[in-house]
Amino acid sequence: MSAAACSMLLLAPTLAQAQDITLWTLNFSSQASNDAMQKIATDFEAANPGVHVEIVTRGVDDHKTALRVAAGSDKGPDIYFSWAGLGLGGEYIKAGLSLPLDKYYAQYKWDDELVPAAASFSKIYEGGRQGVPFTFKGEALYYNKGLFEKAGITGEPANYDELVADAEKLKAAGIPAITFGGTVNWHVMRLMDVILEAKCGIEKHDALMNMTASWATEPCAAASFAELDKWSKNYILSPFMGIDNAQSFNLFTAGRAAMMLEGDWLVQQLSEAGNLDDHGVFPFPTGTKRLYGFAEYNYVSTKSQNPDIAAKFLDYFISTPVQQAALGSFSTTSINKNVVYKDLRPLDQKWVDIFNQHDQVFMNGDQAFPLDVTTEYFRVINEVASGNMAPADAGAALQTFIGNRS
């Protein structure tokens with residue numbers, strides 16, 4: 001065999017490997033999601049001969065562990081799934097696992113394809129744009145129309161004060177205004193998050209979450225904890241600290257409370273539990289015109305030997321034809337703003353309208369904060385909500401933890 005032929009044999013596996021990319025993602029509870037992801041990978045391979053996409057799925061905890069290991073080694077996936085925000089996705093970005101994607105955003109003109117609210121999370125980090133949206137979840141107040149009518153509420157509240165007034169009307173009618181499950185930390189956290197937005201406004205709320213303002217001395221932080229205390233004592237279906245989010249949902253569908261602060265995914269759950277026409281939904285009236293929500297993202301790894309192919313796959317994934325075909329497989333709505341919706345249920349259409357009306361987002365506290373601060377945020381919120389901590393002491397408690405971080 002000639003030297004040239006030997007060289008070709010040696011190079012062949014290398015060239016083949018150079019076309020391989022690996023995607024680490026979750027083993028989603030919905031088989032439709034898993035099947036859709038595999039089909040997208042297979043179709044991408046067909047459109048790009050010589051390219052192979054390997055999908056590796058794990059449970060949530062195993063996935064997080066694998067990413068932490070990858071961040072500390074010289075090997076890892078080409079693309080990985082995580083959440084957006086400083087707390088969850090930010091953990092791996094801070095560890096150096098995510099490749100900035102500014103040049104790919106420009107090359108592929110992704111901002112022309114993506115829903116602005118979904119794409120906004122890529123811009124919150126220092127050092128460049130990170131990741132590409134996989135799904136975007138909005139969160140808002142669902143309400144029982146019959147219970148609102150029983151309490152004499154004739155319309156959706158336009159601002160926070162009107163919402164509190166409606167909660168008072170519900171209380172006077174013997175109807176708990178809202179339900180939460182306290183055994184899962186993040187459920188009651190949602191109420192604190194939206195109260196902060198309403199009481200602090202955009203700049204101060206962001207400064208608190210970025211830990212550039214003091215929770216101990218910022219008046220709006222104290223006011224927000226006081227509001228949380230008021231809701232806990234007067235408007236939340238009790239006892240709530242001993243139940244979880246699933247039990248809370250069952251109480252809502254049973255008509256035991258008038259409202260629930262949940263995401264767009266609840267539409268399908270409500271349709272399976274009863275009559276969708278019995279419910280409405282509106283954004284929590286914070287007065288800032290930002291939508292409350294969070295995103296799931298796919299990130300290109302700094303360990304990737306093939307970042308250009310990885311970016312090409314993500315471009316394919318978010319493209320209008322692919323997202324149109326996969327509509328409903330990953331989420332009720334798509335992260336592609338050009339997708340066409342047909343035969344939508346009224347609540348689904350309401351969510352499409354909500355997404356299209358908002359180009360700014362504020363995210364859940366457990367995604368805005370670093371992981372260790374999130375844990376303390378949970379603790380302080382739970383202590384206030386359960387009546388074990390005076391709301392006036394809560395800001396100082398959280399700030400002391402932040403100040404003592406190494």
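Looking at Ser301, is it outside the structural domain of Ser30 (by TED's automatic domain parsing) and among the small types (Gly, Ala, Ser)? When the stated conditions are applied, Ser301 does not pass them. Here Thr332 fulfils each of the conditions (1) in the same structural domain as Pro285 (by TED's automatic domain parsing); (2) polar (S, T, N, Q); (3) assigned to a loop (DSSP other than H, G, I, E, B) apart from (1). Residue-level check: of (1) of a type outside the set (Val, Ile, Thr); (2) crowded, with 17+ Cβ neighbours inside 10 Å; (3) over 16 Å from Tyr316 (Cβ atoms); (4) more than 21 Å from the chain's Cα centre (by Cα), Leu26 misses just (4).
Being hydroxyl-bearing (Ser, Thr, Tyr), surrounded by 21 or more Cβ atoms within 10 Å (Cβ to Cβ) and either in contact with a Lys or Arg (Cβ under 9 Å, 6 or more places away or on another chain) or assigned by TED's automatic domain parsing to the domain that holds Gly287 (or both) narrows it down to one of Thr183, Thr179, so name that one.
Thr179
Please find, within the range 323-353, the residue that is farthest from Pro116 (Cα to Cα) out of those that are modelled with pLDDT of 85 or more and among the charged types (D, E, K, R). My answer is Arg345. The single condition among (1) part of a helix (DSSP H, G or I); (2) touching a Lys or Arg at 6+ places or on another chain (Cβ under 9 Å); (3) in the same structural domain as Glu376 (by TED's automatic domain parsing) that Asp161 does not satisfy is (2). The residue pairs whose first member lies in the range 366-383 and is farther than 12 Å from Gly85 by Cβ, whose second member is among the acidic types (Asp, Glu) and part of a helix (DSSP H, G or I), and whose beta carbons are closer than 8 Å, counting only pairs six or more residues apart or on different chains, are Tyr377/Asp366; Phe378/Asp366. Residues being in contact (Cβ under 8 Å) with a residue 12 or more places away in the chain, within 23 Å of the chain's Cα centre (by Cα) and either over 25 Å from Phe330 (Cβ atoms) or crowded, with 19+ Cβ neighbours inside 10 Å (or both) are entirely absent from the range 230-239. Listed by position, the helices (runs of 4 or more DSSP H) inside the range 58-109 whose residues that are among the hydrophobic types (A, V, I, L, M, F, W, C) and surrounded by 14 or more Cβ atoms within 10 Å (Cβ to Cβ) number at least 1 are 60-71, 89-94. Filter the range 201-218 for residues that are in a helix (DSSP H, G or I) and either closer than 30 Å to Leu251 by Cα or in contact with a Lys or Arg (Cβ under 9 Å, 6 or more places away or on another chain) (or both) and give the result. Within the range 201-218, Ile202, His205 qualify.
Restricting attention to the range 357-381, the residues being among the polar types (S, T, N, Q) and under 17 Å from the mean Cα position of the chain (by Cα) number 4. Whenever a residue of the range 314-338 is in contact (Cβ under 8 Å) with a residue 40 or more places away in the chain and under 18 Å from Thr42 (Cβ atoms), its partners that are of a type in the set (A, V, I, L, M, F, W, C) and in a loop (DSSP other than H, G, I, E, B), lying with C-beta atoms within less than 7 angstrom and at least six residues away or across chains, give the pairs Ile318/Ile335.
The values are calculated or read from the model by the stated rules, or taken from the named source; none is laboratory data. What you are looking at is a predicted structure, and each value in this text was computed from that prediction instead of being measured. Neighbour counts are summed over all protein chains in view; Cβ atoms, including those assigned to glycine, are modelled from backbone coordinates with ideal geometry.
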